[in-house]
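To keep things clear, I will list the structure first and then write my remarks on it.
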Amino acid sequence: MENALCPCGTKKPFSSCCEPILNGTMTAGTPEALMRARYSAFARQNVDFIMNSVSPKRRKDFDRKSIEEWSKNSEWASLEIVSTEKGGKDDDTGLVEFIAKYKEKGEDQAHHELATFVKLDGEWFFDDGRTPAAKPIRLESPKIGRNDPCHCGSGMKYKKCHGKTEAASAA
């Protein structure tokens, strides 16, 4: 098990990735490193680390029993770091947007969160998480006008072809 890959997805051995953070021989140098360690803690059911990595002022908001049940009753599949913001050596806060994929009761699940981290006395802690705002959908092609040829290739104007069925279904 010593050469097993770390659950956090770095493709590094667990022993040289998140394990030193989980066992307290090393602290996470960035919010992303702490996020990866927290994911590994969930995957390895290390509830003590999960609870201790929450900022002291927020710990009372977390239910240890629920976290333990979620950790133990889930099959942790992967962690995707979507983005990071701040969290450098001179910062006191940082953001990590991530998607944690897992199976619960045999069903695929995804936990998408924007996590806030704070640095207290030189150590990073998870402070809060929220669902990220939905990204706006952008059309890749120009919008079809009512009098443009229909996209299906019928030779008819859009309003007389597919535009007619879309207008009827919207009513």
Task: Distance violations [Cα-Cα > 29 Å] among Lys65/Lys101; Lys12/Lys60; Lys60/Lys103; Lys60/Lys86 - done: Lys12/Lys60
Task: Area of Ser15 that stays accessible when all protein chains are in place (1.4 Å probe, Å², to 10) - done: 50
Task: Average accessible surface area per residue within the chain, 1.4 Å rolling probe, Å² - done: 66
- [ ] At 1.4 Å probe size, with no ligands or nucleic acids counted, give the accessible surface of Tyr102 in Å², nearest ten.
- [x] 20
Open item on the list: So, taking all protein chains as they sit and a 1.4 Å probe, how much accessible area belongs to Glu19, in Å² rounded to tens?
Closed with: 70
Open item on the list: For q values of 0.12, 0.18 Å⁻¹, compute log₁₀ I(q)/I(0) with the Debye formula on a Cα-only model of the chain, without solvent.
Closed with: -0.62, -1.14
TODO: At 0.36 nm per residue, minus the direct Cα-Cα distance, what do Thr27 and His112 gain on full extension? Give it in nm, one decimal, please.
DONE: 28.1 nm
TODO: At 0.36 nm per residue, minus the direct Cα-Cα distance, what do Glu75 and Arg130 gain on full extension? Give it in nm, one decimal, please.
DONE: 17.6 nm
TODO: Set the Förster distance to 35 Å, then compute FRET efficiency between Asn3 and Thr93 from the Cβ-Cβ distance, nearest 0.05.
DONE: 0.45
- [ ] Go through the stretch 23-117 and name the trypsin sites (Lys or Arg not before Pro) that are in a DSSP coil and have 15 or fewer other Cβ atoms within 10 Å of their Cβ.
- [x] Lys57, Arg58, Lys89, Lys105
TODO: Let me have the 222 nm mean residue ellipticity of the chain computed from DSSP H runs of 4+ only, each contributing -39500 (n - 2.57), with the sum over all residues rounded to the nearest 500.
DONE: -6500 deg cm²/dmol
Open item on the list: What aspartates and glutamates does Lys11 reach when the alpha-carbon gap must be under 20 Å and sequence neighbours fewer than 8 apart in one chain are set aside?
Closed with: Glu2, Glu19, Glu32, Glu75, Glu80, Glu97
Task: Positive-end extreme of charge dipole, the chain - chosen from Gly9, Ile144, Gly24 (charges on Cβ) - done: Ile144
TODO: Working from Cα positions, state the angle (0 to 90°, nearest 10) between the long axis of helix 31-43 and the longest principal axis of the chain.
DONE: 80
Task: Ranked order, Ile50, Ile144, Ile137, Ile99 - accessible area, probe 1.4 Å, largest first - done: Ile137, Ile144, Ile99, Ile50
Task: In sequence order, calculated HN-Hα J values of the stretch 77-89 (Karplus, 6.51, -1.76, 1.60; Hz; x Gly/Pro) - done: 9, 6, 10, 10, 8, 7, 6, 9, 9, 6, x, x, 4
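The values are calculated or read from the model by the stated rules, or taken from the named source; none is laboratory data. Not measured: the values here are computed from a predicted model. All Cβ positions, even for glycine, are placed from backbone atoms using ideal geometry, and neighbour counts span all protein chains on display. Each accessible area value is taken on the protein alone, full model and side chains, heavy atoms only, with ligands, DNA and RNA left out. Shrake-Rupley method; radii C 1.70, N 1.55, O 1.52, S 1.80 Å.
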